[in-house]
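Novice: Take a look at this one; I'll ask things after.
The values are calculated or read from the model by the stated rules, or taken from the named source; none is laboratory data. From a predicted model like this one, the values you see are computed outputs, not experimental measurements. Ideal geometry is used to build each Cβ from the backbone, glycine not excepted, and the neighbour counts take in all protein chains shown.
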2 protein chains.
Amino acid sequence: MTRNKQIRLASRPSGWVTTDNFTVTEESLTDPEDGELLIKNIFMSVDPYMRGRMNDVKSYIPPFQVGEVLQAGMIGEVAVSRNKDYAEGDIVFGMLGWETFSVSDGMGLSKIPKTSAPLSYHLGILGMPGMTAYVGLHKIGRAKPGETVFVSAASGGVGSIVGQLAKLHGCRVAGCASTDAKVAMLRDKFGYDAAFNYRNSTCLLTSLREICPDGIDIDFENVGGEIFEAALWSMRPNGRVVMCGMISNYNDDELQPGPRGMMSIIGKNLTIQGFIVTNYPEASMEYVKKASSWLEDGTLEYHETIAEGIENAPLAFIGMLKGNNIGKQIVRIADI
Amino acid sequence: MTRNKQIRLASRPSGWVTTDNFTVTEESLTDPEDGELLIKNIFMSVDPYMRGRMNDVKSYIPPFQVGEVLQAGMIGEVAVSRNKDYAEGDIVFGMLGWETFSVSDGMGLSKIPKTSAPLSYHLGILGMPGMTAYVGLHKIGRAKPGETVFVSAASGGVGSIVGQLAKLHGCRVAGCASTDAKVAMLRDKFGYDAAFNYRNSTCLLTSLREICPDGIDIDFENVGGEIFEAALWSMRPNGRVVMCGMISNYNDDELQPGPRGMMSIIGKNLTIQGFIVTNYPEASMEYVKKASSWLEDGTLEYHETIAEGIENAPLAFIGMLKGNNIGKQIVRIADI
């Protein structure tokens, strides 16, 4: 009989996440009750924000609980339905467990329409990372053609989309990444005008000035820490910092100080703005429509790093935090 | 014969400004040439931003030069006019020297209309500090009735006005200041709902939570440093930080780090925004109209700290940086 394999939070990480923080358990499948559905999970989204949920800190989403199955954005197929809104064979997206099968009452699920795009794209370029790139660039950054956009973690799930959207909008785009291979990909595949490997840089500020000689109008910030400081120091007057992520700080045991020289926020008339993409449903829908046709006609490029099997989800997550992925990191749990 | 007494920058301060950084010189008055006017200076504005101009750093206003006469917002009376746009006896405002008499070609000067308000008010509540309070609160902070506004340096030239404007708008207003006398004044004169003396506080975060138990919607930031960090940690979701000043950092020899925990900008959907008040001329004019009538009917309170004589301008400036003033710091150079 088929059993459900699940990844649970064994302990809260202090500092860097390790595989010891996870435990794999198995249990027999329970039949869905009236109103519920059983979902066979296919693709799991691996995202930086999950690291925050591993800490016992109140935020816009509640923390994971020790002993409980972890959660992720998930695409699955309805295997058994006792809910009138869903039929067996429907493909759905929802926040579900790190597990091979999930039971849901349908709340918060959405059906994924059949399109020519591969299913997994709905976790990335057609999903939350894509929407985050679009909302961040246009609604928060208010990018204008001709402006210079700098993206940190530029080859990541969000960054690799931001760069392409900014180019489409007529911006100059520069970025940084953690390996020479990623940097090459930024230029050759994702259309970045300039990029550098920050791990090879002896002075981030100098490296940044080389790729953005006239300064930065929009810093699309995914990394935080020293890269954020160098970007802040390179901002042009009236610049905007789109605060999307601070992955360099997610594994810190103690809170790290912010960038030096924040006084420039006043003198240069800067705006630093955080955002939660789910607050922008209209812009998100607008984006998905555009992105679908851009993918069809080849305007947008997309890259995924795929781990195989739910038992590899912890390693995929740790690897993503260390920057091992290129493009969107996902886990394939089952074949469709 | 009348001579012109002037305060020049003797040397750039490293760290705290001292009187050694200034020198007093005297020279004979020169007659204005064709198109020029001679202005007898009456009131000089002493403002925190001047500290930045003493460093050799490019900003939105150029640095003061060693050996040169320092500049300030100044109100004076036209003593001799060889410019058709100005008549003797006109009262004017402009960026003029720290000196008893200034020669100007009229560029950048504005005439001050005769109103019932004391002349010096045009350097404060009816001038740039007032406009800064209004633009910051309404255009940058987008204050809404019922929201909680926290003001640091709350009894200063800008802060004492912000609090009153926020109360008029239906906000709850809390602030901090550096002496018990100032704190009493915040409550009794400027209408603050709650305030604390930050020099007596053993834990700024605790003190802040006592006066803002439900958190802060708008942080009107004049101080920076530890107070900014405590305010950032106390922000409510969707909060705005109006970045007006960082007086705690103006005398730093080295750039200080920003607040710890900037990640909350993302999770709480915060905006940190700097601004330059001269970019908002319409809102500024709108404010001056309102403030004039609010002063007439007693709705707005105003307080000044006045130093006597141009030779005391350096001490007044140093004292203002140390927080010795209550309300707007000015220097009376001559009687009207």
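Novice: Check whether at least one residue in the range A:230-251 is more than 8 Å from every other protein chain (Cβ to nearest Cβ), more than 18 Å from the chain's Cα centre (by Cα) and over 30 Å from residue B:52 (Cα atoms), and report yes or no.
Specialist: Scanning the range A:230-251 turns up no residue that is more than 8 Å from every other protein chain (Cβ to nearest Cβ), more than 18 Å from the chain's Cα centre (by Cα) and over 30 Å from residue B:52 (Cα atoms).
Residues checked against (1) of a type outside the set (Ser, Thr, Tyr); (2) part of a helix (DSSP H, G or I); (3) in contact with a helix residue (DSSP H, G or I) (Cβ under 8 Å, 6 or more places away or on another chain); (4) crowded, with 24+ Cβ neighbours inside 10 Å:
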| position | (1), (2), (3), (4) |
| --- | --- |
| A:116 | no, no, yes, no |
| A:122 | yes, yes, no, no |
| A:130 | yes, yes, yes, yes |
| A:142 | yes, no, no, no |
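Novice: Which numbered condition in (1) of a type outside the set (Asp, Glu); (2) surrounded by 17 or more Cβ atoms within 10 Å (Cβ to Cβ); (3) closer than 28 Å to residue B:171 by Cβ is the only one that residue B:104 fails?
Specialist: (3)
Novice: Could you check the range B:58-67 and list, in sequence order, the residues that are within 14 Å of chain A (Cβ to nearest Cβ) and surrounded by 13 or more Cβ atoms within 10 Å (Cβ to Cβ)?
Specialist: Scanning the range B:58-67 gives B:59, B:60, B:61, B:63.
Novice: Here is a follow-up. For residue B:33, state whether it is part of a strand (DSSP E or B) and over 30 Å from residue A:235 (Cα atoms).
Specialist: Considered against the rule, which asks whether it is part of a strand (DSSP E or B) and over 30 Å from residue A:235 (Cα atoms), residue B:33 comes out as no.
Novice: Has the range B:79-96 got at least one residue that is touching a strand residue (DSSP E or B) at 6+ places or on another chain (Cβ under 7 Å), touching a residue at least 40 places away in the same chain (Cβ under 8 Å) and under 24 Å from residue B:13 (Cα atoms)?
Specialist: yes
Novice: Would you say residue B:86 is modelled with pLDDT of 95 or more, crowded, with 20+ Cβ neighbours inside 10 Å and not polar (S, T, N, Q)?
Specialist: no
Novice: Take the range A:180-195 and flag every residue that is without any contact (Cβ under 8 Å) to a residue 60 or more places away in the chain and either within 19 Å of residue A:322 (Cβ to Cβ) or polar (S, T, N, Q) (or both).
Specialist: Scanning the range A:180-195 gives A:180, A:183, A:186.
Novice: Consider residue A:291 carefully, then state whether it is in contact with a Phe, Trp or Tyr (Cβ under 8 Å, 6 or more places away or on another chain), crowded, with 16+ Cβ neighbours inside 10 Å, modelled with pLDDT of 95 or more and away from chain B (no Cβ under 14 Å).
Specialist: Against the criterion (in contact with a Phe, Trp or Tyr (Cβ under 8 Å, 6 or more places away or on another chain), crowded, with 16+ Cβ neighbours inside 10 Å, modelled with pLDDT of 95 or more and away from chain B (no Cβ under 14 Å)), residue A:291 qualifies.
Novice: If I filter the range B:261-288 down to residues being under 19 Å from the mean Cα position of the chain (by Cα) and under 29 Å from residue A:247 (Cα atoms), which single residue comes out as farthest from the other protein chains (Cβ to nearest Cβ)?
Specialist: The extreme case among them is B:275.
Novice: Please indicate, with yes or no, whether at least one residue in the range A:38-47 is modelled with pLDDT under 95, assigned to a loop (DSSP other than H, G, I, E, B), crowded, with 21+ Cβ neighbours inside 10 Å and not basic (Lys, Arg).
Specialist: Yes, the range A:38-47 has at least one match.
Novice: Does residue A:219 satisfy the condition of being surrounded by fewer than 18 Cβ atoms within 10 Å (Cβ to Cβ), more than 9 Å from chain B (Cβ to nearest Cβ) and not basic (Lys, Arg)?
Specialist: Criteria not met by residue A:219.
Novice: Exactly one condition in (1) buried (at least 21 other Cβ atoms within 10 Å of the Cβ); (2) outside the structural domain of residue A:183 (by TED's automatic domain parsing); (3) touching a helix residue (DSSP H, G or I) at 6+ places or on another chain (Cβ under 6 Å) is not met by residue A:244; state its number.
Specialist: Status for residue A:244: all satisfied but (2).
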